[in-house]
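Contents: one structure, followed by commentary.
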Amino acid sequence: MKFTKEEKKFWQTHYHFDKPSQLHENWQQIWSVDGSENDDFFYFFTKRVITIQDVYLKDTLITDKAVEYMLRFNELKSLFLRRHQTITKACIPFINQMTQLESLNITKTKITLTDLCDSLNNQSLKEVFLDTKDDEKSILEKGFLLKERMPNCAIYVNSSSSDDAFGGKIKPIFD
């Protein structure tokens, strides 16, 4: 199948591909820090790339719409969306539909611990990282609700990794 005019412009601009035969349907990861990737990027990217395991985005231009486009990825296991003030609770229903997702990092986004308690229910998740300004009592109460709903998922607050700076393990809300 040929590229449309818009697709050709996208693939030439971002990857220097002139025809569909140059690109693969299966990718390991997409990685961008302080990049220009936006919703349109993921609209075109997900039209041709069907399998990807890791999406690592920090401080790009995406919104909840890009997360919706990511539903098209097969085998997505890790979704890292750090420092995106345009990622909100509106994308949680899309995250719930990502049936192979194991790791979710939504630190420094607009998604709160309360939002997760209200809406997150993805049984494939093994770990979630987010920031919160809740007090310890509230964190424990909400963490307990999440642990009941998703017993195999570790919830980490105010940390973007399960390891500290010295290589030690950080404890989740509940073990």
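Identify the residue in the range 1-53 that is of a type in the set (Ser, Thr, Tyr) and open to solvent by 50 Å² or more (accessible area, probe 1.4 Å) and, among all such residues, is farthest from His84 (Cα to Cα). Before you say what the answer is, go through the steps one by one.
At the first step, the residues of the range 1-53 found to be of a type in the set (Ser, Thr, Tyr) are 4, 13, 15, 21, 32, 36, 43, 46, 51.
Retained after the next criterion (residues that are open to solvent by 50 Å² or more (accessible area, probe 1.4 Å)): 4, 13, 15, 21, 36, 43.
Details: Thr4: 30, Thr13: 23, Tyr15: 24, Ser21: 33, Ser36: 12, Tyr43: 18 Å.
Once the filter is applied, the top-ranked residue is Ser21.
Taking the range 127-146 as the search range and keeping residues that are of a type outside the set (Asp, Glu) and farther than 20 Å from Pro93 by Cβ, which one is farthest from the chain's Cα centre (by Cα)? It would help to see each step written out before you state the result.
Start the filter on the range 127-146 by keeping residues that are of a type outside the set (Asp, Glu), which leaves 128-130, 132-133, 137-140, 142-146.
Still in the list and also farther than 20 Å from Pro93 by Cβ: 132-133, 137-140, 143-144.
Working: Thr132: 18, Lys133: 21, Lys137: 27, Ser138: 25, Ile139: 22, Leu140: 24, Gly143: 20, Phe144: 23 Å.
Of everything passing the filter in the range 127-146, Lys137 is farthest from the chain's Cα centre (by Cα).
Among the numbered conditions (1) in contact with an Asp or Glu (Cβ under 6 Å, 6 or more places away or on another chain); (2) under 29 Å from Glu25 (Cα atoms), tell me where Lys89 comes up short.
Condition (2) is where Lys89 drops out.
Suppose we filter the range 136-170 for residues that are open to solvent by 60 Å² or more (accessible area, probe 1.4 Å) and either assigned to a strand (DSSP E or B) or more than 24 Å from Arg83 (Cβ to Cβ) (or both); how many remain? Please lay out each step first, then the result.
Just the residues of the range 136-170 that are open to solvent by 60 Å² or more (accessible area, probe 1.4 Å), to begin with: 136-137, 140-141, 144-145, 148-149, 151-152, 158, 163-166, 169.
With either assigned to a strand (DSSP E or B) or more than 24 Å from Arg83 (Cβ to Cβ) (or both) added as a condition, the list becomes 136-137, 140-141, 144-145, 148-149, 151-152, 163, 169.
So the answer is 12.
Is there a residue in the range 64-85 that is open to solvent by 60 Å² or more (accessible area, probe 1.4 Å), over 24 Å from Thr46 (Cα atoms) and touching a residue at least 24 places away in the same chain (Cβ under 8 Å)?
no
Checking Lys133 against (1) in contact with a helix residue (DSSP H, G or I) (Cβ under 7 Å, 6 or more places away or on another chain); (2) more than 13 Å from Pro172 (Cα to Cα): exactly one of these is not met. Which one?
The failed condition is (1).
Name the single residue that is farthest from Leu104 (Cα to Cα) among those in the range 136-163 being out of contact with any helix residue (DSSP H, G or I) (no Cβ under 7 Å at 6 or more places or on another chain) and aliphatic (A, V, I, L, M).
Among those residues, the one meeting the criterion is Leu140.
When you scan the range 1-98 for strands (runs of 3 or more DSSP E) that lie fully inside it, which ones turn up with 3 or more residues that are modelled with pLDDT of 95 or more and among the hydrophobic types (A, V, I, L, M, F, W, C)? Give the derivation first.
Details: elements: 29-33, 54-58, 78-82.
Per the criteria, 29-33, 78-82.
Against the definition (open to solvent by less than 60 Å² (accessible area, probe 1.4 Å), out of contact with any strand residue (DSSP E or B) (no Cβ under 6 Å at 6 or more places or on another chain), modelled with pLDDT of 95 or more and within 18 Å of Pro172 (Cα to Cα)), how does Asn122 come out, yes or no? Outline the logic, then answer.
Values: open to solvent by less than 60 Å² (accessible area, probe 1.4 Å): yes; out of contact with any strand residue (DSSP E or B) (no Cβ under 6 Å at 6 or more places or on another chain): yes; modelled with pLDDT of 95 or more: yes; within 18 Å of Pro172 (Cα to Cα): yes.
So Asn122 fits the description; yes.
The values are calculated or read from the model by the stated rules, or taken from the named source; none is laboratory data. None of the values given here were measured: they were computed from a predicted structure. Note: ideal-geometry Cβ built from the backbone for every residue, glycine included; neighbour counts use all protein chains shown. Accessible surface is based on the protein model in full, side chains and every heavy atom, while ligands, DNA and RNA are left aside. Shrake-Rupley method; radii C 1.70, N 1.55, O 1.52, S 1.80 Å.
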